[in-house]
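The values are calculated or read from the model by the stated rules, or taken from the named source; none is laboratory data. Predicted, not measured: the structure shown is a model, and the values here were computed from it. Glycine gets a Cβ as well: all are built from the backbone with ideal geometry, and neighbour counts include every protein chain shown. Side chains are part of the model used for accessible areas, which takes the heavy atoms of the whole protein and leaves out ligands, DNA and RNA. Shrake-Rupley method; radii C 1.70, N 1.55, O 1.52, S 1.80 Å.
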Amino acid sequence: VLIGLLPIYTYFLLFELERIHRFVAKYLPRADRERLVRIGSQIGEVLSTFFRGRLLVAAAKGTFLALGLWVAGIDFALLLGFGGGAISLIPFVGVLVGFVLSMLVGFLEYSLVEAAVRVGIVFLTAEFLENYFLIPRIIGDKLGLHTVVVIFALMAGGAAMGMFGLLIALPLAATLVILAREFLLPMLEKFAEEEAR
């Protein structure tokens, strides 16, 4: 059902989003309209940057998996690697599916233990690179988040809401940073100035 709805959502977001923005902006308070529209635009930019970065991470991971499986001597390394990179967009499930498929192909040529070692090393290295290098460097930098914040947000999101939490952790963290910068920090500065008097 979700795959069937994807083209509808894509069309809706691509061609109707500007009209939705205009409609919502018309009903915002006149005094704060410009500021709220600017904040909404920043949040929209963060979300689009996140999804572009996520696709770039998936492509980089797929390239690494393809090369790693080829070096490990697994047949159909290109297909398995790029397929594994593409489905890694789905946390946990994507990695598991890619690993199992690569294991099955490796088992046709090697013993079970040897196939598990060859494929396991490639996938463990790919996971390490994705979580501790690619995501913090590619997505974290573009979202303006420090590496420690990225890792903490992913851990907190995964612990709180599982797979869904991992998907929304970084855009939510970046959105909270924008909201804090626009609303909380000015209030704290104003409070500090009043206290100083």
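Please determine whether any residue of region 172-184 is open to solvent by 70 Å² or more (accessible area, probe 1.4 Å) and of a type in the set (Val, Ile, Thr). Checking region 172-184: not a single residue is open to solvent by 70 Å² or more (accessible area, probe 1.4 Å) and of a type in the set (Val, Ile, Thr). Among the residues making up region 163-178, those that are under 14 Å from the mean Cα position of the chain (by Cα) and without any contact (Cβ under 8 Å) to a residue 40 or more places away in the chain are Phe164, Gly165, Ile168, Ala169, Leu172, Ala173.
Does Phe82 count as open to solvent by 90 Å² or more (accessible area, probe 1.4 Å) and under 23 Å from Gly53 (Cβ atoms)? For Phe82, the condition - open to solvent by 90 Å² or more (accessible area, probe 1.4 Å) and under 23 Å from Gly53 (Cβ atoms) - is met. Does Ala153 satisfy the condition of being free of Cβ contacts under 8 Å to residues at least 40 places away in the same chain, open to solvent by 30 Å² or more (accessible area, probe 1.4 Å), among the small types (Gly, Ala, Ser) and out of contact with any strand residue (DSSP E or B) (no Cβ under 9 Å at 6 or more places or on another chain)? So Ala153 fails the test. Pairing residues of region 40-61 that are under 14 Å from Ala169 (Cα atoms) with residues that are outside any helix (DSSP H, G or I), at Cβ distances under 6 Å and at least 6 apart in sequence or on separate chains, gives no pairs at all. Look at region 73-85: where a residue is over 20 Å from Leu124 (Cβ atoms) and a partner is open to solvent by 30 Å² or more (accessible area, probe 1.4 Å) and outside any helix (DSSP H, G or I), sitting 6+ places away or on another chain with Cβ atoms under 8 Å, you get Asp75/Leu108; Asp75/Glu109. Among residues of region 26-37 that are in contact (Cβ under 8 Å) with a residue 12 or more places away in the chain, those with a beta-carbon under 7 Å from a residue that is surrounded by 11 or more Cβ atoms within 10 Å (Cβ to Cβ) at least six positions away or on a different chain give the pairs Val37/Ala25.
Within region 68-122, the residues that satisfy the criterion of being in a helix (DSSP H, G or I), hydrophobic (A, V, I, L, M, F, W, C) and closer than 22 Å to Leu166 by Cβ are Phe82, Ala86, Ile87, Val93, Val95, Leu96, Val97, Phe99, Val100, Leu101, Val122.
Residue-by-condition table, conditions (1) modelled with pLDDT under 85; (2) over 16 Å from Gly85 (Cα atoms):
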| site | (1), (2) |
| --- | --- |
| Ala116 | no, yes |
| Leu124 | no, no |
| Leu129 | no, no |
| Pro136 | yes, yes |
| Asp141 | yes, yes |
| Thr147 | yes, yes |
| Val150 | yes, yes |
| Leu154 | yes, yes |
| Gly158 | yes, yes |
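For region 28-72, taking the residues that are under 17 Å from the mean Cα position of the chain (by Cα) and within 13 Å of Phe123 (Cβ to Cβ), the one that is surrounded by the fewest Cβ atoms within 10 Å (Cβ to Cβ) is identified as Gly62. Taken together, the residues in region 138-149 that are more than 17 Å from Ser48 (Cα to Cα) and surrounded by 14 or more Cβ atoms within 10 Å (Cβ to Cβ) amount to 2. From the list Glu130, Glu195, Glu109, the one residue that fits, being of a type in the set (Asp, Glu), surrounded by fewer than 17 Cβ atoms within 10 Å (Cβ to Cβ) and touching a residue at least 24 places away in the same chain (Cβ under 8 Å), is Glu109.
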